[in-house]
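Report on the structure given below.
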Amino acid sequence: MKIGIFGGSFNPPHKMHQKIALDLIKKGYVDKIVFVPTGAKYSYKSDLLDPKIRYKMLTLLCQNNRQLSVSDYELKEQVVYTYETLDYFKKLYKHDEIYFICGTDNLSYLDKWKHGLTILKNNKFLIIKRKSDNLEPILEKYKDYKDNLIITSIKEDGLSSTYIREQIKRNGFNSIKDYVPKEIYQYLSDHKLYLDNKISWPC
């Protein structure tokens with residue numbers, strides 16, 4: 001089995017995350033997707049919701065599809081690095097092929113990640129191209145690892161979690177109906193998330 005590891009803050013998860021996962025499965029790149037939300041110690045994002053909330057929203061996204069799942073592996077008290085996550089899943093699914101799903105925006109500076117070049121050397125990547133990114137200089141930069149880089153036909157449409165958060169704050173929840181799955185829309189609106197920087201687990 002081919003398993004794709006889809007990491008990110010998912011703050012919140014939205015339809016583009018879902019579409020990328022389903023398209024990768026539909027086009028045969030992988031047989032299963034595991035979403036891996038970052039933990040609370042991930043300090044590079046603003047307005048980052050409690051990990052339990054983001055994990056819950058991902059379970060809602062995955063609930064009607066057996067080929068989609070979510071892992072709480074990175075939801076620890078300490079920082080969990082990508083190389084640790086990939087090593088964990090390679091051991092967990094030792095008889096399967098593991099692929100790391102990576103957008104060109106992240107790939108462009110992956111050499112700056114902790115053990116970034118080791119990650120490139122030891123793992124297979126499924127590359128999702130962003131419309132605004134030029135792929136050629138990125139591939140040239142990592143030419144020594146080209147056998148591990150699989151350029152998919154999947155492309156991002158520019159939708160971002162940042163945009164969704166801003167829409168909620170400025171225009172309310174009705175403004176995001178087209179951008180998130182209905183279960184996540186209901187969850188966000190029920191708990192009034194992002195309206196007042198409420199980031200803890202709802203009662």
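The values are calculated or read from the model by the stated rules, or taken from the named source; none is laboratory data. Computed from a predicted structure; not experimentally measured. FYI the Cβ positions are ideal-geometry reconstructions off the backbone, even for glycines, and counts take in every protein chain you see. What goes into the accessible areas is simple: the full protein's heavy atoms, side chains included, and nothing from ligands, DNA or RNA. Shrake-Rupley method; radii C 1.70, N 1.55, O 1.52, S 1.80 Å.
Numbers at a glance
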{"item": "Cross-link partners of residue 121 among aspartates and glutamates (Cα-Cα below 20 Å; sequence separation of 8 or more within a chain)", "result": "84, 87, 96, 97, 105, 111, 136, 140, 144, 147"}
{"item": "Ordering of 97-105, 154-162 by packing [mean C-beta count within 10 Å, highest first]", "result": "97-105, 154-162"}
{"item": "Spin-label model distance (nm) - residue 95 vs residue 159, 7 Å beyond Cα toward Cβ", "result": "3.7"}
{"item": "Heavy-atom accessible surface of the chain: percent carbon and sulfur, 1.4 Å", "result": "47"}
{"item": "Tensor-based shape of the range 117-197 (alpha-carbon gyration tensor, a/c under 1.5 rounded, otherwise prolate or oblate)", "result": "prolate"}
{"item": "Calculated Cα Rg over 2.2 N^0.38 Å (choose from [x] 1.01; [y] 1.07; [z] 1.23), label", "result": "[x]"}
{"item": "Average accessible area per residue (Å²) across the range 49-203 - probe 1.4 Å, nucleic acids and ligands excluded", "result": "58"}
{"item": "Subset of 2/155; 26/56; 143/169; 52/146 violating a 32 Å alpha-carbon distance limit", "result": "143/169; 52/146"}
{"item": "Mean Cα-pair separation over length for the chain, i.e. relative contact order, pairs under 8 Å, 6 or more apart, %", "result": "25"}
